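All of the numbers you see were taken from the coordinates with simple rules; none came from a lab. A quick note: this is a predicted structure, and the numbers were derived from the prediction, not measured. Quick reminder, even Gly has a Cβ in these numbers, built from the backbone with ideal geometry, and neighbours come from all protein chains shown.
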Amino acid sequence: MMVSGLFEKAVYRLAGDTGFLVEFGEGIAPAINARVRAMTRALENKKPQGVREIIPTYRSILVIYDPGKTCPDTLFPVIEQLETSLKTLEPERARRVEIPVCYGGDFGPDMENVQKAHDLTSDQVIQLHSHPEYLIYMVGFTPGFPFLGGLDKRLFTPRLETPRMLVPEGSVGIANNQTGMYPIASPGGWQLIGRTPLKLFAPDRTAPFLYKAGDRIKFIPISEQQFSRIARQEEDR
Amino acid sequence: MTALKICAPGGFTTVQDRGRFGFQQMGVPVSGALDLSAFRLANLLVGNDDTCAGLEITVMGPKIEILKEMDIALTGAKMAMTLNDQPVEQWTSIRVRPKDILTISMVQQGCRAYLAVSGGIKVPRIMGSYATYVGGKIGGFMGRPLQQGDILETHDAALLKTPRLLPPEDIPEYPAQALIRVLWGPQDHYFDVDPPPLLGTPYMVTTKADRMGYRLQGSAVPIKKNMPKSIVSEPAMPGSIQIPPDGQPIILLVEQTVGGYAKIATVISTDLPRVAQTTPGDRVQFEKIDLESAHRLHREETQNFRRLKNLFG
């Protein structure tokens, strides 16, 4: 089947003398991102000499290399070769990561905005938001910030007119057709509907992150009591 | 062992190393010294290897009480420096002893100086690096710029048998008009490149210039009429020249991972130090080169560093 925006063959774009982008399509679509995931895995397995980092994005991969060890003339043919074998690659088993979220109240100061915009009750918003499994297209902006796909159309809500100076760590929000969470406190204009007690970015732990691009996120509604209990456990870890 | 007491922190002083690698796919920027060339030379001059951490000093230098005998060296931006009120030189190793007072003054040329100390600054290694990522409040000394009263430790290391002095002809100049070489891409197809924008008259460095990025001011770079004003957000290399809707270029640096505007060109890796050494009001003139030339310059820099390393045995 033809997917709109998917390139027949990957397009290569130089990003300076130590990196390049391998682009698989034009927009945001699961089929384009699936190609990104498959190539990311193929490259991680192949580990071409001189490649320092492989960074998957919505629709491309940023490859960072050491110009003392390799160059695009060497790497492009390797990637082209890998591309021809992507279809035979076994599909990735998506990992599902459950994120407990306490919706509304002090943790979701913009819950009423979202309810009013769509004439929904708080329970309906929670149901619509916690029902899907969201695909993590990409992680970035701040450490562990997931760009998620799959928000229900009935929850699309524009950003706040005036962004907050400081969005608390763990906040879960909506901006237009996107939903996501803030792993570290930072300025932001998303409509906040809840908060997770989990530490989404724990630099001191051996595994600082709970998920990566390609995983799926499922939000699990919890009570304030459960929030406090999990938050305490996280502190003790 | 405690080694340095910060009596006055200066303009913006952070603990940095070569950078934090391997976590950009999780949104953790590389951070690290902005002028890697000057940073490496500072380490070389005190006999450290490349992985040691030092201080990045911005515009105004700190006042430091020395708590331990060691060798130090200051490279990068030109800043007058005194040891117990006596002037001392940059680009050379200096033996310091407990109770010495090191004072580094206002910048005279360039923007960022690098202070290396024997053994390197000892701070917890976070995700493989000592570098401070100020925006994420991680790494370096408590994830923040240094403050008055901070006491820093260093790793134990042997002192130099003979002082090390960089040959004068190897000391870089940091002119107020910097030539910055770029490669087109990754999104040069968003712009009319004939005649090429960006390469004409120089751009001025504005006051919005920090480790995240440098906002420039000059002739606007317009996006092609049929192209969207933004791109699907994607990670950006340090040195990417992003063009927001007002057409004024922003050079993205080491504390930024994802950007949503088209990037017409990317500063070559060996010229990033030149960007790092410009200050608000300075001018940058862009020149386009090709990938082969950029890689040749990269090789030459590696060879040059090896030559200097051999000089000191």
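Worth a mention:
- Per residue, the protein assembly as shown reaches -5500 deg cm²/dmol at 222 nm when only DSSP H runs of four or more residues are counted, each adding -39500 (n - 2.57).
- 0 to 90° range, to nearest 10: angle between helix B:36-45 axis and chain B longest Cα axis: 20 degrees
- The range A:174-237 and the range B:134-165 have Cα centres lying 33 Å from one another.
- Helix axis angle, B:291-311 relative to chain B longest principal axis, alpha carbon, degrees: 10 degrees
- Overall form of chain A per C-alpha gyration tensor (a/c, 1.5; a/b vs b/c): prolate
- Seen from A:P143, the other residues with C-beta closer than 14 Å to its C-beta sum to a net charge of +2, counting Lys and Arg as +1 and Asp and Glu as -1.
- Among the GluC sites (Glu not before Pro) in the range B:161-263, those placed in a DSSP loop whose Cβ has at most 10 other Cβ atoms within 10 Å are B:E173.
- Under the convention that each Lys and Arg Cβ holds +1 and each Asp and Glu Cβ holds -1, the size of the dipole of the protein assembly as shown around its Cα centre is about 540 debye.
- Among the trypsin sites (Lys or Arg not before Pro) within the range A:1-105, those in coil by DSSP and having at most 16 neighbouring Cβ atoms inside 10 Å are A:K69, A:R93, A:R95.
- Label reach from A:H118 (point 7 Å along Cα→C-beta): in the range A:183-212, amide nitrogens under 20 Å belong to A:189-196.
- Across chain B, C-alpha contacts under 8 Å between residues 6 or more apart give a mean separation that, scaled by the residue count, equals a relative contact order of 19 percent.
- Charge sum, other residues only, whose C-beta stays under 14 Å from B:L216's C-beta, Lys/Arg counted +1 and Asp/Glu -1: +2
- Local electrostatic count at B:S105 - Lys and Arg +1, Asp and Glu -1, tallied over other residues with Cβ under 11 Å: +2
- R0 of 25 Å, Cβ-Cβ distance A:V11-B:Q285: FRET efficiency to nearest 0.05: 0.25
- Taking the longest Cα principal axis of chain A as reference, the axis of helix A:72-84 is set at about 70 degrees.
- Rounded if a/c under 1.5, otherwise prolate or oblate - chain B, Cα gyration tensor axes: prolate
- A simple rule links phi to the HN-Hα coupling: the Karplus curve 6.51 cos²θ - 1.76 cosθ + 1.60 with θ = phi - 60°, which for the range B:251-267 gives 8, 7, 10, 8, 10, 10, 10, 10, x, x, 10, 5, 10, 6, 8, 9, 5 Hz, with x for Gly and Pro.
- Between the range A:32-67 and the range B:1-75, the Cα center-to-center distance that results, in Å: 31 Å
- Overall, chain B carries a charge dipole of about 380 debye about its Cα centre when +1 sits on the Cβ of Lys and Arg and -1 on the Cβ of Asp and Glu, all other atoms neutral.
- Around the amide H of A:G19, modelled in the peptide plane, lie the amide H atoms of A:Y65, all under 5 Å away and 5 or more residues distant in sequence or on another chain.
- Annotation: for a label point projected 7 angstrom from Cα along Cα→Cβ of B:N310, residues of the range B:147-190 with backbone N closer than 19 Å are B:165-171.
- Here's the list of lysines a cross-link from A:K87 could span, going by alpha-carbon distance under 19 Å and ignoring same-chain residues fewer than 8 apart: A:K9, A:K46.
- Taking amide H as placed 1.01 Å from N in the peptide plane, the amide H of A:D215 sits under 5 Å from that of A:I136, each at least 5 places away or on another chain.
- Once the C-beta distance of B:N84 and A:L166 is scaled by a Förster radius of 41 Å, the resulting FRET efficiency is 0.40 to the nearest 0.05.
- Sorted by Cβ density within 10 Å, fewest first, the residues B:H295, A:H129: B:H295, A:H129
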